[in-house]
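Comments concern the structure below.
The values are calculated or read from the model by the stated rules, or taken from the named source; none is laboratory data. Only a predicted model underlies this, so the values are computations on that prediction, with no experimental measurement involved. Glycine gets a Cβ as well: all are built from the backbone with ideal geometry, and neighbour counts include every protein chain shown. Surface accessibility is based on the protein's heavy atoms, side chains included, excluding ligands, DNA and RNA. Shrake-Rupley method; radii C 1.70, N 1.55, O 1.52, S 1.80 Å.
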Amino acid sequence: NELIRGFLLFGMPCPSSCPPGLLALMAPGLALMATLSLPSQAGDRRVLPVEKPSGVKGRTLILLDVNTKSPVRIISENFLSLQLDPSIIHDGWLDFLSSRRLVTLARGLAPAFLRFAGKRTDFLQFHNVKNPAKSRGGPGPDYYLKNYEDDIVRSDIALDKQKGCKIAQHPDIMLELQREKAAQMHLVLLKEQFSNTYSNLTLTARSLDKLYNFADCSGLHLIFALNALRRNPNNSWNSSNALSLLKYSASKKYNISWELGNEPNNYRTLIGRSVNGSQLGKDYVQLRSLLQLIRTYSRANLYGPNIGRPRKNVIALLEGFMKVAGSTVDAVTWQHYYIDGRVAKVTDFLKTRLLDTLSDQIRKIQKVLNTYTPGKKIWLEGVGATSAGGVNNLSDSYAAGFLWLNTLGLLASQGIDVVVRHSFLDHGHNHLVDQNFNPLPDYWLSLLYKRLIGPKVLAIHVAGLQRKPRPGRVIRDKLRIYAHCTSYHNHNYVRGSITLYIINLHRSRKKIKLAGTLRDKIVHQYLLQPYGKDGLHSKSVQLNGQPLAMVDDGTLPELKPRPLRAGRTLVIPPLTMSFYVVKNVNALACRYR
């Protein structure tokens, strides 16, 4: 009965094996077609009423079609973007951003924004100093510091001799010393984080040069968040240090966009006094005026206010901000972390209720913007699976990918223009690249997304998804399906192709039959699964059965698809994420940029 209704819904001819009694069933089926085939929103996993004939053991077959006539959303080309936390100054990793391997990995995710911001943004001071070696401190015996600092200075001298993109080859012993330093500093950073008490950080001119060089070499556009907690006695923003940084950046002709502060709703806990939305709005207006006085940045983009989770007090802050500075910012930003990293378990990443928490936040933000600045772009900045730095073997494992991929699908379907992933590389376990400069599962997931997914979001139509309602409990879908036009930058596919990405949280495989415009098309499968004996905790992945790893420091592996014959049913293994490019659909929505 389920299959018959699917055939009716998508206009598919009934096969010769249809059971007796089909004609009797077709009349009520036709009557239901108007209801079942109503267009759904992008990313909508509609549950259609499906009944099993009594006494017949049916199998679940999901029928899937996509509206190819026009996109329901168009997001930024830089939709999937990256963040670096200022803690990389503290633990020394900023000095290694010129590594060829790191640049290669970052370049794989271009085009994107690179946001330099985090908890320590509002404790960052800029000093226009070129040679910081003598003033840099850190843990360890004197011989360790001396050798380490000498190596950094020698590396800086070598970089200064290069023109254009500056790339360094760091000796293994130098990287080993850096990892030792970072491990000791990690304890200091964690103590600061859990106590919510942060020490001041100094960003030198040379450090800013290294940061910008990394962004520029990688094809990323730098967004720099200025310190908002430098305050005058009347609680207005003291812009003197920011002006010094702006003038230096302008003298170097650095193409940078700007922000002011990070999570202003937490300032009371950080410094004992708050900054309300109205005052923060005035601070942004002041920053905009400052930018307009500097020719290089007179037209620079400005983003904010980067609030935390939109609870009642945070919404009040946002409303006060929008009244004053709604027209000043180019996009409104907020951030979200799904789980407290101190108590996270692997089963948390499989909870559909957790995956859906973002929807309510989006509605709250959109409601405020619709009141004050309708049509203003919304960005989700600083998103991660867990807070408090993440959990080893969990937020940096394959399991975290379910949250990450669903976040990308959900935000795109809701029209959020950009999502900034925290972090590309840092001291915790929410990053995409570890401290051996090896890509983690979420990096490979992001790379596949960049290679296959374009900015045009398409509506999907699904039949056959079943749920058994239980009294007093909402049962949510464990099969998440999203659709976009295939990336125009991928020259392996002609324009008009469509990419599906699917998350299967079921502990059993699911079968999907492509119907309507997708029917009888050749499909390329990109199935991402954990690699090795650690299962969901694995930090390595395989694509279509082949483990993924860098070829060398300057080369990413080829992402080879598995071609499926035309008309073949898609079989989605349990607890996996996958991409499917439906070739040569000639979708009207996807023919033109």
Output for segment 330-346, where each listed residue is surrounded by fewer than 21 Cβ atoms within 10 Å (Cβ to Cβ), in a strand (DSSP E or B) and modelled with pLDDT under 95: 337
All positions within segment 405-430 that are under 20 Å from residue 346 (Cβ atoms) and open to solvent by 10 Å² or more (accessible area, probe 1.4 Å): 429
Search result, residues across segment 232-271 that are among the hydroxyl-bearing types (Ser, Thr, Tyr), closer than 18 Å to residue 200 by Cβ and surrounded by 15 or more Cβ atoms within 10 Å (Cβ to Cβ): 239, 244, 267
Top-ranked residue of segment 179-196 - restricted to ones that are among the polar types (S, T, N, Q) and either touching a Cys at 6+ places or on another chain (Cβ under 8 Å) or in contact (Cβ under 8 Å) with a residue 60 or more places away in the chain (or both), ranked as surrounded by the most Cβ atoms within 10 Å (Cβ to Cβ): 193
Top-ranked residue of segment 515-527 - restricted to ones that are open to solvent by less than 50 Å² (accessible area, probe 1.4 Å) and either assigned to a strand (DSSP E or B) or of a type in the set (Ser, Thr, Tyr) (or both), ranked as farthest from residue 590 (Cα to Cα): 527
Residue in segment 382-399 that is touching a Lys or Arg at 6+ places or on another chain (Cβ under 9 Å) and under 30 Å from residue 289 (Cβ atoms) present: yes
Test: residue in segment 379-388 that is open to solvent by 10 Å² or more (accessible area, probe 1.4 Å), of a type outside the set (Phe, Trp, Tyr) and outside any strand (DSSP E or B): yes
Residues that are in a loop (DSSP other than H, G, I, E, B) and of a type outside the set (D, E, K, R), drawn from segment 420-437: 423, 424, 425, 427, 428, 429, 430, 431, 432, 435, 436, 437
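Let's see how each residue does on (1) of a type in the set (D, E, K, R); (2) in contact with a Leu (Cβ under 6 Å, 6 or more places away or on another chain); (3) surrounded by fewer than 22 Cβ atoms within 10 Å (Cβ to Cβ):
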site	(1), (2), (3)
307	no, yes, no
313	no, no, yes
320	no, no, yes
325	no, no, no
354	no, no, yes
Meets criteria (at pLDDT 95 or above, open to solvent by less than 10 Å² (accessible area, probe 1.4 Å) and either part of a loop (DSSP other than H, G, I, E, B) or of a type in the set (Ser, Thr, Tyr) (or both)) for residue 482: yes
Criterion violated by residue 512 - all others in (1) among the aliphatic types (A, V, I, L, M); (2) under 22 Å from residue 79 (Cα atoms); (3) crowded, with 21+ Cβ neighbours inside 10 Å satisfied: (2)
Any chance residue 588 is in contact with a Ser or Thr (Cβ under 7 Å, 6 or more places away or on another chain), at pLDDT 95 or above and not charged (D, E, K, R): yes
Residue in segment 533-544 that is open to solvent by 30 Å² or more (accessible area, probe 1.4 Å), touching a Lys or Arg at 6+ places or on another chain (Cβ under 8 Å) and not charged (D, E, K, R) present: yes
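Rundown of residues vs (1) touching a residue at least 24 places away in the same chain (Cβ under 8 Å); (2) surrounded by 14 or more Cβ atoms within 10 Å (Cβ to Cβ); (3) within 23 Å of residue 127 (Cα to Cα); (4) polar (S, T, N, Q), yes/no style:
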position: 156; (1), (2), (3), (4): yes, yes, yes, no
position: 165; (1), (2), (3), (4): yes, no, no, no
position: 177; (1), (2), (3), (4): yes, yes, no, no
position: 204; (1), (2), (3), (4): yes, yes, yes, yes
position: 215; (1), (2), (3), (4): yes, yes, yes, no
position: 227; (1), (2), (3), (4): yes, yes, yes, yes
Counted residues, segment 53-93 - those being over 30 Å from residue 262 (Cα atoms) and either surrounded by fewer than 13 Cβ atoms within 10 Å (Cβ to Cβ) or modelled with pLDDT of 50 or more (or both): 19
Those residues of segment 99-109 which are open to solvent by 10 Å² or more (accessible area, probe 1.4 Å) and in contact with a Cys (Cβ under 9 Å, 6 or more places away or on another chain), in sequence order: 107
Number of positions in segment 241-255 that are touching a helix residue (DSSP H, G or I) at 6+ places or on another chain (Cβ under 9 Å) and outside any loop (DSSP other than H, G, I, E, B): 8
